[in-house]
Structure formats: structure tokens, C-alpha cells
Amino acid sequence: MSTTRTALIIGGGVAGPVAATALQMAGIEAAVYEAYPGPAYNIGSTLGFAANGLAALDVIGAGDALRRVALPMPTMAMAFGHKTVEMPGLTGIEPLQIIDRSDLHQVLHDHAVAAGIRFEYGKRLVRVEEHPDGVTAHFADGTSATADILIGADGIKSTVRTLIDPNAPAADYTGMLGFGAYTESAFDVPPETMYFTFGKKAYYLYSAMPDGRVGWGVNLPYKQYLSTAEARRVPNEEWLRILLDTYGEDSPGGDFVRDTKPENLVCVGGLHIMPPVPTWYRGRMVLVGDSVHAPSNSTGQGASQAIESAVQLARCLRDFNDPATAFAAYERIRRPRVERIAARGAKINHTKTLGPVMRRMMPLVMPLFAKTSKFEEIMVREQSYTIDWAAPVNERAELTRA
Ligand SMILES: Cc1cc2nc3c(=O)[nH]c(=O)nc-3n(C[C@H](O)[C@H](O)[C@H](O)COP(=O)(O)OP(=O)(O)OC[C@H]3O[C@@H](n4cnc5c(N)ncnc54)[C@H](O)[C@@H]3O)c2cc1C
């Protein structure tokens, strides 16, 4: 029987609200402390949401709320210049869902609030104090809060990560900046298909929206690292000029850039990848989500992994007596899975720009590769992962499914 009764959750992005709701289900009272002054609505751009993420959301009862606002993409296609190769479907796996990032935040926030979770905004964690029987979080506004445990769901630039281990690694820059936009384009994009496209100079992806617009995103190779704030200081008109230099000769990539109004371009800034984090927890503090395992965005798994970890952490806290035992079990059942996915992502990242020969070869090689490689097996394993909330945590069983 758990002795943990209360939890402070730092960060109200994806992992935070899910962890809070799952902890509530486990009988642990949790409150979310978010640095931003309010909920993150209207933050633009889309996100691909995988079947395993949906299954984890089903555990806390939020899966259908997401399905109602998301757009299923039953078909995946890879495009190399004018050649398009449809990828084999994954048997028995729910299709990828495309969701507006703001909608995802709203679904998770509203679901948590309906479950009775308290959110406090304008609360930037700056330091913690640990006591024998609890932990106190101190915020930049001079206030503080105390509970049995503290969960760092504070994203890729986590403060909690360095409070747990001052020598913890920081996120690496992938060498690419992220941009996204919804665009009214004359280019006819078939519905229900997600296109992953290798342009002449760089990679991009796109799909048709139900209202006739196209949702597209790019990973722009860019030597200099820019944070989101730094990248947003550059006017969008300038970014569109740079994007046109990179994608101008591509079809339909060039059309999308030309058709995008500056006010509709969302600049994400430098894309990160988190190297393995040696220390996931210390004392009464533990990490969840991007703060401890952010795979590159090319895996399409960041949010889903954050959600799975949040649910599994709550389950471990429910089933084990003291936080240290629960945190150790949580790390053992989550680390192998998230590191395997991160390693897959790191490999894909390098192939995001292809030379001219590879671009010609890929349409021929790709179908064969998809058949003979373990591609389908890997994807099915990744996306068929489910969490049995009712069952007590059994490490061996968890690892077999991971
Ligand atoms: C361009 C791009 C595309 C992506 N595409 C996909 C995709 O297609 N599919 C997918 O699954 N994932 C994708 N991801 C990854 C996904 O967005 C993340 O994995 C996910 O948001 C992680 O959730 P999180 O809650 O751990 O962190 P976040 O969502 O980053 O939330 C962290 C929260 O903590 C708050 N915070 C930070 N510091 C403090 C502090 N000191 N005190 C209090 N609060 C704090 C932040 O304000 C933020 O609200 C993409 C990411 C990027 C950048």
C-alpha cells in the first residue's frame, strides 16, 4: 500500500496533466504548477499522435476526447521528388491521429480539471527543499508549495532534471529548426494520407485538412542553434524567404511555402533530442516526459511516450510502498522502451536529407526495404503497447510488452 498521498507536478504541458489525472485515479492528490500565465491554447501547428499514446490516454479516460478533435490518417506515403511510395499499413493498429497542438493541450487540461485537478499558472519552479517527509517547491513569484513528492514534467529544458542531478546532460540540437503552417494551397492533396517527403535540399511533411487547407511542417537544416524565442525574433517574412531558398524547387513543398501567409507560419525553433539521462530520480523527485526522454520529433512518439510514462509512474506510485521503490520500478519498466525509440529516431534524423542518387534510388528500394526489413515488426511493437491499469505492476510482464 502506497504511503504517497500528495504530489506537486511541475509543468502543465502533455505529461503533467496526464500524470495528475492518473495519480488521482491512484488515490494520490496532485496539483499542476505551470510557468506560463495560462493554458497553452493557440500555440499553433500540428502533432502526429500514435496508437500507443491513444491507448495510454484511454487508461485515464481521455482517449475519446482526443479522437473527437483529431483527424485519423489511415495512409502513410513517402515521397521522393515526383515519386510516391505508399507504406504498408500496420495490421491491427489504430491509425495515426493528426491533432492541433492547442487542441491536445486543451483536451488534456480539460480532462484533468474535470477530474478535480488544480492548475496553478505563473508558477516557475526555481528551487526545491527536501525534508525527511516531504519536498517544497519554490517558485519565481516568491510562493511555495509542499507535498510528499515532486514530479518534473517540465519539458526538454527541465529545471527539475538539474535539481535532481546538476551534471545531467542537456538536450542536443538536431541541426534543424521546426516550422509548421496551415495553408490555403491550390495544390490538390488527397485526403487521409500523411506524406513524408524528401525534397531536394530538406525534408518536409504534409496532409490535407478537412476544411480544404493543407497542414505542413518542415525540418529546416540550420547550422546555428536558435531557441524558440530567438527564432521568433526573426520576422516570418524572412523565414519564408529562407524556406523558399530551401524548398522552392520542390513540388509541392515550394507551392506550400509560396502560398503561406507570414501570419500563418509557426516557428518552433531548434529541434532537440535528449541523450540518455543517467539519473531519473533522487529522493522525492522524479522526471517524466521530455524532461527525461525526448526522442527526435521524427519518431512521432514524443507525446505518446510522455503519456505512457505519466500513467506508468502513477501506477508504480500506487503499487509500491515508498517513493524510492516506486521510482526505481518506474525507471526499470520505462527506460528500455524509451531509449530504444530514441535510438530509432536518432537514426532517422541522419537520413532526413538525401543526396540526388539516393533520392532516385529510394522509390525503388523503399518497397523492398519495407517488406524485408523489420520495419513493420518494429512499428507494430512500438504502437501496440498497452498498459493494464487494473493489474498490479509486474516488471517482467511490463518489459515483455515494451
Ligand atoms: C516541432 C515538433 C514536432 C513534434 N512532433 C511530434 C509528433 O508529431 N508526435 C509526438 O508524439 N510528439 C511530437 N513532438 C514532441 C512533443 O511535443 C513532446 O514530446 C511533448 O510535448 C512532451 O510533453 P512534456 O509534457 O514532457 O513537455 P512539454 O509539452 O514541453 O511541457 C512542459 C511544460 O513545463 C513547463 N515548464 C518548463 N519549465 C518550468 C518550470 N521551471 N516551472 C514550471 N513549469 C515549467 C513548460 O512551460 C511546459 O508547459 C514534437 C515536438 C516538436 C518540437
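The values are calculated or read from the model by the stated rules, or taken from the named source; none is laboratory data. Predicted, not measured: the structure shown is a model, and the values here were computed from it. Quick reminder, even Gly has a Cβ in these numbers, built from the backbone with ideal geometry, and neighbours come from all protein chains shown. The area values use the complete protein model at the heavy-atom level, side chains included, leaving out ligands, DNA and RNA. Shrake-Rupley method; radii C 1.70, N 1.55, O 1.52, S 1.80 Å.
Observations on the model:
- Subset of region 62-93 [out of contact with any strand residue (DSSP E or B) (no Cβ under 7 Å at 6 or more places or on another chain) and at pLDDT below 95]: PRO74, GLY81, HIS82, LYS83, PRO88, GLY89, LEU90, THR91, GLY92, ILE93
- Sole residue being away from the ligand (no atom under 15 Å from the Cβ), under 23 Å from ALA51 (Cβ atoms) and touching a residue at least 24 places away in the same chain (Cβ under 8 Å), chosen from GLY116, GLY92: GLY92
- Residue that is part of a loop (DSSP other than H, G, I, E, B) and out of contact with any Asp or Glu (no Cβ under 8 Å at 6 or more places or on another chain), where the choices are PRO17, PRO37: PRO37
- Taking the criterion of being more than 30 Å from GLY180 (Cβ to Cβ) and assigned to a helix (DSSP H, G or I), the residues of region 287-322 that qualify are ALA314, ARG315, CYS316, LEU317, ARG318, ASP319.
- Selected residue (criterion: nearest to the ligand (Cβ to nearest atom)) from residues of region 25-38 that are touching a helix residue (DSSP H, G or I) at 6+ places or on another chain (Cβ under 8 Å) and within 22 Å of THR136 (Cβ to Cβ): GLU34
- Region 142-160, subset within 11 Å of the ligand (Cβ to nearest atom) and out of contact with any helix residue (DSSP H, G or I) (no Cβ under 8 Å at 6 or more places or on another chain), residue farthest from ASP322 (Cα to Cα): LYS157
- Count - residues of region 84-99 that are part of a strand (DSSP E or B) and open to solvent by 30 Å² or more (accessible area, probe 1.4 Å): 3
- Flag if SER144 is of a type outside the set (Asp, Glu), assigned by TED's automatic domain parsing to the domain that holds GLY61 and touching a Phe, Trp or Tyr at 6+ places or on another chain (Cβ under 8 Å): no
- Checking each residue of region 277-286 against the condition of being in a strand (DSSP E or B), aliphatic (A, V, I, L, M) and open to solvent by less than 10 Å² (accessible area, probe 1.4 Å) gives at least one match.
- Residue within region 64-85 that is closer than 30 Å to ALA202 by Cα, within 12 Å of the ligand (Cβ to nearest atom) and among the aromatic types (Phe, Trp, Tyr) present: no
- Lone qualifier among ILE151, ILE156 - being within 22 Å of SER304 (Cα to Cα), hydrophobic (A, V, I, L, M, F, W, C), assigned to a loop (DSSP other than H, G, I, E, B) and out of contact with any Cys (no Cβ under 8 Å at 6 or more places or on another chain): ILE156
- Set SER207, SER102, SER185: member being on the phi < 0 side of the Ramachandran plot, within 16 Å of the ligand (Cβ to nearest atom) and either buried (at least 20 other Cβ atoms within 10 Å of the Cβ) or assigned to a loop (DSSP other than H, G, I, E, B) (or both): SER207
- Filter pass, ASP255 being away from the ligand (no atom under 16 Å from the Cβ), in contact (Cβ under 8 Å) with a residue 40 or more places away in the chain, within 19 Å of PHE196 (Cβ to Cβ) and among the acidic types (Asp, Glu): yes
- Qualifying positions in region 239-252 - open to solvent by less than 60 Å² (accessible area, probe 1.4 Å), touching a residue at least 40 places away in the same chain (Cβ under 8 Å) and of a type outside the set (Phe, Trp, Tyr): LEU243, THR246, ASP250, SER251, PRO252
- Among the residues making up region 39-57, those that are aliphatic (A, V, I, L, M) and within 8 Å of the ligand (Cβ to nearest atom) are ALA40, LEU47, ALA50.
- Some residue of region 65-83 being in contact (Cβ under 8 Å) with a residue 12 or more places away in the chain, crowded, with 20+ Cβ neighbours inside 10 Å and β-branched (Val, Ile, Thr): no
- Taking region 119-177 as the range and being aliphatic (A, V, I, L, M) and open to solvent by 60 Å² or more (accessible area, probe 1.4 Å) as the test, the residues that pass are VAL126, ALA140, ALA170.
- Matching residues in region 296-312 - criterion: being open to solvent by 10 Å² or more (accessible area, probe 1.4 Å) and either touching a Leu at 6+ places or on another chain (Cβ under 7 Å) or within 8 Å of the ligand (Cβ to nearest atom) (or both): ASN297, THR299, GLY300, GLY302, ALA303
- Region 6-24, residues that are more than 10 Å from the ligand (Cβ to nearest atom) and open to solvent by 20 Å² or more (accessible area, probe 1.4 Å): THR6, GLN24
- Of all the listed residues (GLU230, GLU263), the sole one being more than 14 Å from the ligand (Cβ to nearest atom), assigned to a helix (DSSP H, G or I) and over 27 Å from TYR195 (Cα atoms) is GLU230.
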